[in-house]
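The values are calculated or read from the model by the stated rules, or taken from the named source; none is laboratory data. Just so it is clear, the model here is predicted, and its values are computed rather than measured. In this analysis, Cβ positions are derived from the backbone assuming ideal geometry, glycine residues included, and neighbour counts consider all displayed protein chains. Quick note on the areas: whole protein, heavy atoms, side chains included, nothing else; ligands and nucleic acids left out. Shrake-Rupley method; radii C 1.70, N 1.55, O 1.52, S 1.80 Å.
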Amino acid sequence: MKQIIESFKVIGIGDNVVDKYVHQGTMYPGGNALNFSAYAAMCGVQSAYLGKFGNDEVARYIQQVIDELGIDRSRCRSYEGENGYARVTLEKGDRVFLGSNKGGIAKERAWEFTGGDLEYLKQFAVIHTSLNSYIEQDLTVLRESGVPISFDFSVRWNDDYLQQVCPDIDIAFLSCSHLTAEEREREMRKAQRLGVKVVVGTVGEEGSYALYDDEWVYQQAVSTDALDTMGAGDSYITAFLMELIRSAKDRHIEFGPKDKFLADIKASMGKGAEFAAQICRVHGAFGFGAPLV
């Protein structure tokens, strides 16, 4: 575990899985929300994870890794049933998903956030979650904590989904490599019109774009010899958010004044690109491989 060097704390709420690399006979811990918490810890930030676990060997393995990283999981839920997993292979370093159990027990159990959960969340500088977390109906509740919410849409959204999620979040990440430049700009503007303060669109090797208050910022990608692209997007998101918090007065994101905040966004995009390049040289999302179960 890297030494904690920052005064602020962050939390990932949502999915955890193991990525089963069938071609290697190895599994690695992952999931967007858990990756965020793990990467934050790797960056020297005190982090927590709030998620749903099954009671199988996969769940116990992930919990062991979380503890080894020093991530607080004290508010996690555990249920009888199968933990989430995905089946994966690599093609020239690019991860290819072969299927999953759609989160396992996580998709069957409601979050049911309590007043105690909301009080606990107030200590964090940001909450990060994603479309894989079965949390859309609960975002309005999470907003009651007063903590900025970051949400990763990955590549899967439509107008109805944007309308459901965007009013309750502050920062949105869209994976846009499959879109034309015109389509990317259109989709990012949709999120902004629906209330998102900062919208980031990543385009893989072509870099990333951010939209804030109708102003665009571009950041080129950092080239690297990728060993495994698993976690590239999640690591970008994490380093982006960590730098944005570091740049903020009293470590509380204030979304302005405009000129300074645009400069902070640009610096954060640079940190995201650098860290993503580093993670592309790691097996799995963040290592800790173990034999398949």
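General observations
- The lone criterion from (1) in contact with an Asp or Glu (Cβ under 8 Å, 6 or more places away or on another chain); (2) touching a residue at least 24 places away in the same chain (Cβ under 8 Å); (3) farther than 25 Å from residue 156 by Cα left unmet by residue 252 is number (1).
- Of all residues making up segment 212-262, the number that are in contact with a His (Cβ under 9 Å, 6 or more places away or on another chain), among the acidic types (Asp, Glu) and surrounded by fewer than 18 Cβ atoms within 10 Å (Cβ to Cβ): 0
- Among the conditions (1) modelled with pLDDT under 95; (2) of a type outside the set (A, V, I, L, M); (3) within 19 Å of the chain's Cα centre (by Cα), the only one that residue 24 does not satisfy is (3).
- Scanning segment 86-131 for residues that are on the phi > 0 side of the Ramachandran plot and touching a strand residue (DSSP E or B) at 6+ places or on another chain (Cβ under 6 Å) returns a single hit, 99.
- In segment 274-292, residue farthest from residue 217 (Cα to Cα) [restricted to those that are assigned to a loop (DSSP other than H, G, I, E, B) and either open to solvent by 70 Å² or more (accessible area, probe 1.4 Å) or not aliphatic (A, V, I, L, M) (or both)]: 289
- Residues of segment 245-268 satisfying the condition of being in a helix (DSSP H, G or I) and farther than 18 Å from residue 215 by Cβ: 245, 246, 249, 250, 251
- Within segment 84-100, the only residue that satisfies the criterion of being closer than 17 Å to residue 134 by Cα and either basic (Lys, Arg) or in contact with an Asp or Glu (Cβ under 6 Å, 6 or more places away or on another chain) (or both) is 86.
- Positions within segment 89-100 being open to solvent by 30 Å² or more (accessible area, probe 1.4 Å) and touching a His at 6+ places or on another chain (Cβ under 7 Å), in sequence order: 90
- With respect to the conditions (1) within 26 Å of residue 65 (Cα to Cα); (2) free of Cβ contacts under 8 Å to residues at least 60 places away in the same chain; (3) open to solvent by less than 20 Å² (accessible area, probe 1.4 Å), residue 271 lacks only one, and its number is (3).
- Checking each residue in segment 152-199 for being touching a Ser or Thr at 6+ places or on another chain (Cβ under 6 Å) and under 20 Å from residue 235 (Cα atoms) picks out 152, 154, 155, 171, 175.
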